[in-house]
Each structure stands twice: as C-alpha cells, then as structure tokens.
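Take a look at the structure below.
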Amino acid sequence: MKNKRISAISIVFFLFLLFIQLFSIAAYANSSWHWLTKTNPFDVLPFAAIATLVIEYIAIKKSNSISRSLNLFIVICIANIASFILPFAVLLLPSEVGYTFEMSIQHLPKYIVGIGYLLLTLIVEIPVVYFSFQNSVTNKKRLLISIIIVNAVTTIMVAIIERIICRGTW
C-alpha cells in the first residue's frame, strides 16, 4: 500500500516537472507579440472542450462502473464549464494597460492551457465530480484517482495540441 502511494506521488511529481519544462515560455521586454497562425488558443477551445468532455465521461464511467450515465454526463459538463470559464475570469478584469478581453486574446502571448490551468481544473472538477458520485461507486479512492488522472491527461493533451496548432512570436 505504501509503495503504491509513493509510486503515485512520484508519477504525479514527474508529470508536473515534465509539464512545467515543456510549457514554459520566455518573455522579452519592449517587444510586441503576434500570432503567426490564423488560429489562436481561444479558437481551439471549443474543440478541446468537446474532446475533453468525451474522454472524461468515458474514462470516469468505465473505471468506476457508474450506472447513472446521464447524471455523470451532466455533472462532467457542469464541472468542465466552470473550469473552462475560470481562467478567463482573469482576462475579464480591467487591465493595467487598458487591454480589453478581445485584445488580451489576440495580442498577449497566452496559451490557455498550462500548469495553472491544470491546477484550476483540479480545484473545480475534483469536488464537483467526486462529491456528486462518491456514494454511487464501490471504491471512492479509485473515483478520486480517476478524476485526477483523466484531467491531467486531457489537460496535457490539449496543451500539446494548442501549441502545435497555434504559433506566435515576439
């Protein structure tokens, strides 16, 4: 039991370090950012949301044998909507330099999905999904682990896709 716990913590720590290394970006002072592609990260979001919903639904349902399919789908949709909206709440706040929401999306070097996004996703989705289905599963620990793993996997997948499709430069 202790070895499994150490292994799980080690894997999560390794993925965390890998994620930080892969997705860190440098900022250069006195320069102007522009996207090289016609697509920016905000344009990828609807497709990422649909893929994430499908993957999370299937993975959590299969790994926990949840029979209430419609309820699971609704809860996962609500949790994902909240976790997709939360990162944009910061962009809706008034900017020091006067950027509007649209200007922030078009001209700031911001990929949407990164380590902060993963943390926000876990903060939102773990309680919503876990507390909604903790009494419907035989193994609560498996439910919790499956929620964490599937969210980490989908977040990393979307981050990679976002960086492949959307390119920018200073």
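Convert each backbone phi in the range 44-50 into a coupling constant with the Karplus relation 6.51 cos²θ - 1.76 cosθ + 1.60 (shift: θ = phi - 60°), then list the ³J(HN,Hα) values in order as whole Hz, x for Gly and Pro.
Here the 3J(HN,Hα) series is 7, 3, x, 5, 5, 5, 5 Hz.
Can you spot the lysines whose alpha carbon is less than 27 Å from LYS4's alpha carbon? Ignore those fewer than 8 places along the same chain.
Within reach: LYS61, LYS62, LYS140, LYS141.
Here, each number is a calculation from the coordinates, and none is a lab measurement. Everything quoted here is computed from the prediction, not taken from an experiment.
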